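S.K.: Before I ask anything, here is the structure I am working with.
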Amino acid sequence: MDLHTLSVRQASDLLQTGEITSVALTSAILERIRAVEPTVRAHITVSDDLALQQAEAADARLRAGEQVTALTGVPYSVKDCLSTKGVRTTCASKILETYVPRYNATVIQRLEDAGAVLVGKHNMDEFGMGSSCENSAFFNTHNPWDTARVPGGSSGGSAAAVAAEMTPFALGEDTGGSIRMPAGFCGVTGLKPTYGRVSRYGLIALVSSFDSIGPLARDVADAALVTQTIAGHDPRDNTSLRAPVPDYAQAFTGDLKGVTLGVPVEYFAEGINPAVEAPIRAALEQFRDLGAEVREVSLPHTPYAIPVYYLILFAEASSNLARFDGVRFGLSSDGADVLERYLQTRHAGFGDEVKRRIMLGAFALSAGYYDAYYLRAQKVRALLRQDFDRVFAEVDALVAPVCPTPAFKLGEKVADPLTMYLSDVHVVAINPAGVPALALPCGFTGDAPSLPVGMQLIGRPLDEATLFRIGHAYQQATHWHLARPTLAS
Amino acid sequence: MSQRIDSDLVQHIAFLTRLALTEEETALFSEQFSAIIDYFDVLGEVDVSAVAPFTQPQITQAELREDVAHPSMAREDFLANIPQRQGDYVRVSMVLENSRM
Amino acid sequence: MNCIQRYEPVIGMEIHAELHTQSKMFCGCAVTDTTVAEPNTTICPVCTGLPGAMPAVNREAVAQAMMVGLALNCQINEFTNFARKNYFYPDLPKGYQISQYDFPIATNGWVDVTDENSAAHHIRVRRAHMEEDTAKLFHIYEPGGADYTLIDFNRCGIPLLEIVSEPDMHSVEAVQAYATKIRETLRYLGVNSGDMEKGVLRFEANVSVRPRGSDTLGTRTEIKNLNSFRALTLATAYEIERQIAILEAGGGVVQETLGWDALRNATFSQRGKEHAHDYRYFPEPDLPPLRIERAWVNEVAAILPELPDAKHARFVADYGLTPQDARILVGDRAVAGYFESALHAYTGAPSSVAKWLIGELFYLMNRDNVSIEAAQVRPAALARLIGLVDAGTLNPNSAKAVLGEMFATGGQPEAIVEAKGLAQISDDERLAAVVAQVLADNAAQVVAYRAGKDSVFQWLMGQVMRATRGRAAPDVVRRLLSAALASIDDSSEGRDRIKSQAQAL
Ligand SMILES: [Mg+2]
Ligand SMILES: [Zn+2]
């Protein structure tokens, strides 16, 4: 048996029946990483020793039959923006290249408490700024379906690792598509939960009011299982919501009877690649077959999503990244005085895209421009949210492409920043609105190389359960999520 | 409200955000920023006269943290990541008053 | 009219007060006395700005901010939020301070104060807002020029309330009275010790001057880091004079931030070149807005202690104290509490307790630098001591000696009186004998008295007191002495009789 191919639920079953041990499973995962990492390059750090220690502890729990959860003994890895005690956490930035946190993010702690086994930290765009992983300060990650292509970003390492079977599941972070876009490019399932559903404590913030931590997994049921463990109020994060977390497994009805799905016309406007549109239209048929009613809806403020998203991103990011000053941790270039230290540390530590966004944010917040840019963006953001509230009075969820195109080639798009910003329209609108969205594979482009196509289901605030129900029913009826890339190892 | 961002403004913002920039970077950013900011002016089309800015749902008394002191992190854990320390302090080279801005 | 009087100073104040909570504003680290704690021991990822850490608002800090707001007659705003104030400085680990900007918790208050010249001032309080304190920096100056700075994060994140007045003060006396009032109020509320040496209360003054009669504001300067009342008043006075001198010389005041050099007694410019501040305030995205429900405001209002002005009015009306005595007693909540506790154990006029407390106990406390809380003389004991005087058991002088003993040892007044044999002698027979002996021993003085030298009477009183080691009841002695002196005739027989009477005793 190739243990690395197991899904979370398969691994969990075998662990609990004692047919495999966590040490064996974790070793198989480490072996798989060693085999395909040179090709995929998904990891910034692999913490072998800690992983094996945690696996042994999990095995003890399993043997004793104490405190066993569905995730006890199951290995996982996370995007390198989550604080992991004793494991280097870099945000793929030179400024944090040597930073070893002394505390766990709440989600990491919850997984550790559940007995899951942390294996490594995934590559990403520096501080989450990018959608191809090419903005990593360290190296590029390759799409397992075609290693000449990007995995998407910014949680590109996580999506690639799940697709390449280097982990049963991963945690990513979605600021403006950063889970969904790479999930779409790599053919895996990823959830951006409702803003506030999952604690952000210990997540190195990009945009505090957008950032959402969520799972990337082989299928919807695994994603739901992981969400079950990490979701819920955290007193350390005042923006985390107090709403109770339902038992997601209860949502899996296998059909879509009584479900109404909306198709936002703005998301199928010009620019959508026919090779992407076709599988999504086919999925809409599948939904109908499963019993759903499908109708067109309109989100009229969608054209403003990009400027709203980026203005708020720049502003919050410029402030969030101020703490990287070379005084308490990370890279530090000492100068004659503190001012020199700041200037030189930040000059040397941040990549160009990061610098660009920090400065644009300072501009958007500065005295003479605040009203025209930042404040206006927050007002239009309220309108974007109203669009969603209005359609969710009529439909239970929306169906849209994740990206208008499949994965592009490495080096193909790193040109002009504005062009880059304009390409993310389908995913970025979700975050200013704070609603949840589930990305899942729905087919492949016809041409060689055949690349995965992702769709996203967008839901009402806090109604991840309905997204899981729809996604699960779809994956019961289709096989796209079972496809695996062939990797020369 | 088209907004040219000249080199002086870029330099000013770079100083505000404590980023040393080369002349080439200054010129490049000035060019790029102008295009980006011009694009953002599209928001001027939206009538927001009657719209309140977006905020998170408000929290109330009950949701605030109880005033209880917890043990702090071990000093050595904190100091382990310090680039420059002296004894139990974090050290930096001289702070000049005019570096506060 | 000299040139100073031709100008009117216009002064506003910003007062930063640490709040007295158990834990910090946004994290669970203990609030400690940062002047004595080991460096970098009350710290965590939140208050040292480590990557990923997030703030969580301390409920009690908000409640204390509300208490201050209510005490300063402010409106408590239903919608309040936090904002980031962005700037770089090594005492600010996140690169921003979490503060409040557009929506402070308390606005539009006022206080009425009376200054040392008995002039009344109505000073508006613009706002009080919550924020977090910064880390402490220690600048180390090396002879070689390689100066450096050390950082201790213990103070970082301690809840801070910034109280901003309108520029309603027009004299140094008004500034002093306002600052005193704020300190007194904070101490009353139990939210701040007022201990300026520990840095828990810090003043800043904005000063401008304008020709009297003008209603436009002059260019103002901001004097930072005034860490004592002395610095506050000296710096404000200095700055007023400095600005007037500039204007008189035909110059213009430069808007700038100043420091106060306590050694040279002068303000100094803190920056060579004044940068325009651009703090890029925006709503703190890590903290949702806070809705202060009316019920919470009422809850806090209900536990608000009686404030100094109300207490003062009550002390004058209910206890018949002079306004001056009442002012002294209410100046410190602990003193006022002490006074009222003493009254519980006392049946005489409240003013005698005030007199003993202010006149005698304060003297001892000041002499030995002991606070009312630490004084060994407890209120009931003081009350019983005064009762002994009222009952004639102890004369006032002995009572002072007993108080001194109580203050030094914590002993009870009755026990001390007993042990030292200090009980007053007021029985006529015993004292008549002493008086007779004194007169016999001091015949020359008696003659002088009779020749019209009245002051000798006091001297003779003193001799009697001395002979009784101060225990004689003064009024009894006075009566007996007068009678004895009046009964002496001028004849030599008379003098002889005095002598023989004395010998017989
Ligand atoms: Mg302040
Ligand atoms: Zn702390």
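Any read-out appearing in this document is the output of simple, stated calculations on the displayed coordinates, not a laboratory observation. Bear in mind the structure is a predicted one, so any value in this text is a computation, not a measurement. All Cβ positions, glycine included, derive from the backbone under ideal geometry; neighbour counts span all protein chains shown.
S.K.: Would you mind estimating how fast the range C:171-245 diffuses translationally, via Stokes-Einstein at 10 °C and 1.306 mPa s with the Kirkwood radius over Cα pairs, in µm²/s?
M.R.: The estimated diffusion coefficient comes to 118 µm²/s.
S.K.: Helix B:7-16 against the longest principal axis of chain B: what's the angle in degrees, Cα atoms only, rounded to the nearest 10?
M.R.: Taking Cα atoms only, the helix is inclined about 20 degrees.
S.K.: Within the P(r) computed for the range C:177-326, what percentage of the Cα pairs occupies the region above 21 Å?
M.R.: Cα-Cα pairs of the range C:177-326 separated by over 21 Å account for 65 percent.
S.K.: Another one. For a quick check: with amide H placed at 1.01 Å from N, whose amide H comes under 5 Å from A:Val74's, ignoring anything fewer than 5 positions away on the same chain?
M.R.: Amide H neighbours of A:Val74, under 5 Å, 5+ apart: A:Val117.
S.K.: Checking a compactness column here: for chain C, what do you get for Rg(Cα) / (2.2 N^0.38 Å), N being the number of residues?
M.R.: In units of the 2.2 N^0.38 Å rule of thumb, it is 1.34.
S.K.: Provide, in order from the shortest bin, the percent of all Cα-Cα pairs of the range A:229-270 in each 10 Å bin, continuing until the bin that contains the maximum pair distance.
M.R.: Going from the shortest bin to the longest, the percentages are 20, 24, 30, 25, 1.
S.K.: May I pose another question? Over the alpha-carbon set of the range A:425-472, divide Rg by the Kirkwood Rh and report the Rg/Rh ratio to two decimals.
M.R.: 1.08
S.K.: Also, I was wondering about something else. Sort B:Met73, C:Met54 by Cβ crowding within 10 Å, fewest neighbours at the top.
M.R.: Fewest to most other Cβ atoms nearby, the residues stand as B:Met73, C:Met54.
S.K.: Work out how much length C:Arg230 to C:Ser371 would gain on full extension: take 0.36 nm times their residue separation and subtract the Cα-Cα distance, in nm to one decimal.
M.R.: 48.7 nm
S.K.: Let me check the size of the range C:61-191 from its C-alpha atoms; what are the radius of gyration and Dmax in Å?
M.R.: Rg and Dmax of the range C:61-191, Cα atoms, are 17.9, 56 Å.
S.K.: A follow-up question, please. Based only on other Cβ atoms within 10 Å, what is the fewest-to-most ordering of C:Cys27, A:Cys91, C:Cys3?
M.R.: C:Cys3, C:Cys27, A:Cys91
S.K.: Also, quick follow-up: Suppose R0 equals 25 Å; then what is the FRET efficiency for C:Ala313 and C:Asp390 from their Cβ-Cβ distance, rounded to the nearest 0.05?
M.R.: That gives a FRET efficiency of 0.35.
S.K.: So what does the Cα-only Debye profile of the range C:372-423 read at q = 0.17, 0.20 Å⁻¹, as log10 I(q)/I(0), no solvent term?
M.R.: -0.42, -0.57
S.K.: May I pose another question? What would the Debye equation give as log₁₀ I(q)/I(0) for the range A:190-335 at q = 0.21 Å⁻¹, counting only Cα atoms as equal point scatterers?
M.R.: -1.34
S.K.: Sorted from largest to smallest, which semi-axis lengths in Å does the alpha carbon gyration tensor of the protein assembly as shown give for its equivalent ellipsoid, taking the root of 5 times each eigenvalue?
M.R.: Equivalent ellipsoid semi-axes, largest first: 76, 33, 26 Å.
S.K.: What ranking, highest mean first, results for peptides C:191-202, C:225-236 when packing means the other Cβ atoms within 10 Å averaged over each residue?
M.R.: Taking the mean over residues of other Cβ atoms within 10 Å, the ranking is C:225-236, C:191-202.
S.K.: Follow-up question, since we're still on this one. Write down, largest first, the equivalent ellipsoid semi-axes of chain A in whole Å, where each equals the square root of 5 times an eigenvalue of the alpha-carbon gyration tensor.
M.R.: Gyration-tensor ellipsoid for chain A: 30, 29, 21 Å.
S.K.: Mind checking B:41-51 for the average number of partner chain beta-carbons within 10 Å of each residue's beta-carbon?
M.R.: That average works out to 5.
S.K.: Over all pairs of distinct alpha carbons, what does the Kirkwood formula give as the hydrodynamic radius of the range A:275-372, in Å?
M.R.: 17.4
S.K.: Considering the convex hull of the alpha carbon atoms of the range C:1-47, report its projected area averaged over all viewing directions, in nm², one decimal.
M.R.: For the range C:1-47, averaging the hull's shadow over all directions gives 6.2 nm².
S.K.: Continuing with this model, one more query. Scan chain B for GluC sites (Glu not before Pro) in coil per DSSP, keeping those whose Cβ has at most 13 other Cβ atoms within 10 Å, and list them by number.
M.R.: B:Glu66
S.K.: Hey, for a label at C:Ala301 modelled as a point 7 Å past Cα toward Cβ, could you say which residues of the range C:46-70 have their backbone N under 15 Å away?
M.R.: Only C:66-70 pass the distance filter.
S.K.: Next question. Please report, in debye to the nearest 20, how large the charge dipole of chain A is about its Cα centre when each Lys and Arg carries +1 at its beta carbon and each Asp and Glu carries -1 there.
M.R.: 660
S.K.: Next question. Hey, fewest Cβ within 10 Å first, where do A:His426, C:His139, A:His4, A:His233 land in order?
M.R.: The most exposed by this proxy come first: C:His139, A:His233, A:His4, A:His426.
S.K.: P(r) for chain B: what percent of alpha-carbon pairs falls in each 10 Å bin, starting at zero?
M.R.: Going from the shortest bin to the longest, the percentages are 10, 18, 20, 26, 22, 4.
S.K.: Okay, moving on. Out of the trypsin sites (Lys or Arg not before Pro) in the range A:1-82, which ones are loop residues according to DSSP with at most 12 other C-beta atoms within 10 Å?
M.R.: Within the range A:1-82, no trypsin sites (Lys or Arg not before Pro) qualify (loop, at most 12 other Cβ atoms within 10 Å).
S.K.: Rounded to whole Å, give me the distance from the Cα center of the range C:65-140 to that of the range A:322-338.
M.R.: Here the answer is 30 Å between Cα centres.
S.K.: For the pair B:Gln61 and A:Arg34, how long in nm is the line joining their label points, each one 7 Å along Cα→Cβ?
M.R.: Placing both labels 7 Å along Cα→Cβ, they lie 6.1 nm apart.
S.K.: In the range A:1-85, which GluC sites (Glu not before Pro) are in a loop and have at most 16 other Cβ atoms within 10 Å, using DSSP for the loop call?
M.R.: A:Glu19, A:Glu66
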